[in-house]
Structures are given as C-alpha cells and as structure tokens.
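Colleague: Structure provided below as structure tokens; questions to follow.
The values are calculated or read from the model by the stated rules, or taken from the named source; none is laboratory data. Predicted, not measured: the structure shown is a model, and the values here were computed from it. Ideal geometry is used to build each Cβ from the backbone, glycine not excepted, and the neighbour counts take in all protein chains shown.
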C-alpha cells in the first residue's frame, strides 16, 4: 500500500509539475498577448494620426493646385496663339508676329510683345507650321489685335 501511495504521490507531483509548467506558459502567453495588444493599439493610434496628416496634406495640395491653376490662367491672360503663319528655319518669332499683325491684320502702331515663340519641337511629320504663342505687354494691344 505504501508503494501505491508513493506512486500516487509521484503521479500527483507529476500532475502538479505539469500544471505549474502549463500555468507558467499560459502566463507568458498572456503577457505576450498584452504586449502585442498594446503595440496594436499604438499602431492604430499612429495610423489615425497619419490618416489625419495625409488628409491635411491632400487639402493643402488641392489649395496649392488651385493657386497654381489661377496663376497660370492669370499669366496667360495676355497671351494669343497665332496659327497658320509660315515657318522658316532661323526666324525671329517676334518679328514674324509683328509683321503678321501689321500686314495681315492691318493693326497700326507699335505692339509691344514680351515673349514670343513657336509651340512644340520641330517635327518633319507635322503638316503645316507650328503655332506661335505671343505674350503682349499691354492688354490694350492684345484687345486691339483680337478685334482686327
């Protein structure tokens, strides 16, 4: 009987050791789950913060794009595009436009131009001359040319 009691005590001790080991592993898993949960919480907070920042940056980007578009429109206010004017190899685009305005459109007086150039690169496959964009210094000169 003593042997049976010792065996039972040994079995109980083994079960107790097994239980202690499992409890220790369960406690470790609980700690790790809490750490992971805390990290997930921090990441979720960071994600919300980044989403707010991204939304703010998108709004700012839209504002800037609107301002750029407005500036482009304002800078083009004094521009006219001339098409169908023959093109030569070493031409002075400003002189070509001034001559066109004077001879073809019959506009009298000196028209002041700030920047004049052909649009696009030279392309042998293009049919016809490239358009010319001309920026007028004075709005009244541009209106006079448009009315002609």
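Colleague: Sort out which residues of the range 76-133 are surrounded by 10 or more Cβ atoms within 10 Å (Cβ to Cβ), within 35 Å of the chain's Cα centre (by Cα) and without any contact (Cβ under 8 Å) to a residue 24 or more places away in the chain, and write them in order of number.
Modeller: 76, 115, 116, 126
Colleague: Can you tell me which of 7, 35 is assigned to a helix (DSSP H, G or I), surrounded by 10 or more Cβ atoms within 10 Å (Cβ to Cβ) and modelled with pLDDT of 90 or more?
Modeller: Only one candidate qualifies: 35.
Colleague: Further question on the same structure: I'd like the residue in the range 134-148 that is touching a helix residue (DSSP H, G or I) at 6+ places or on another chain (Cβ under 8 Å) and assigned to a helix (DSSP H, G or I) and, out of all such residues, is surrounded by the fewest Cβ atoms within 10 Å (Cβ to Cβ).
Modeller: That would be 139.
Colleague: Next up: Which condition number does residue 73 fail, the rest of (1) surrounded by 11 or more Cβ atoms within 10 Å (Cβ to Cβ); (2) under 28 Å from the mean Cα position of the chain (by Cα) being met?
Modeller: With respect to (1) surrounded by 11 or more Cβ atoms within 10 Å (Cβ to Cβ); (2) under 28 Å from the mean Cα position of the chain (by Cα), residue 73 is out only on (1).
Colleague: Could I ask something else about it? I need the full set of residues from the range 83-116 which are part of a strand (DSSP E or B) and at pLDDT 95 or above, in order please.
Modeller: Listed by number, the residues that qualify are 113, 116.
Colleague: Got at least one residue in the range 51-66 being free of Cβ contacts under 8 Å to residues at least 12 places away in the same chain, outside any loop (DSSP other than H, G, I, E, B) and under 30 Å from residue 140 (Cβ atoms)?
Modeller: Yes, the range 51-66 contains at least one residue that is free of Cβ contacts under 8 Å to residues at least 12 places away in the same chain, outside any loop (DSSP other than H, G, I, E, B) and under 30 Å from residue 140 (Cβ atoms).
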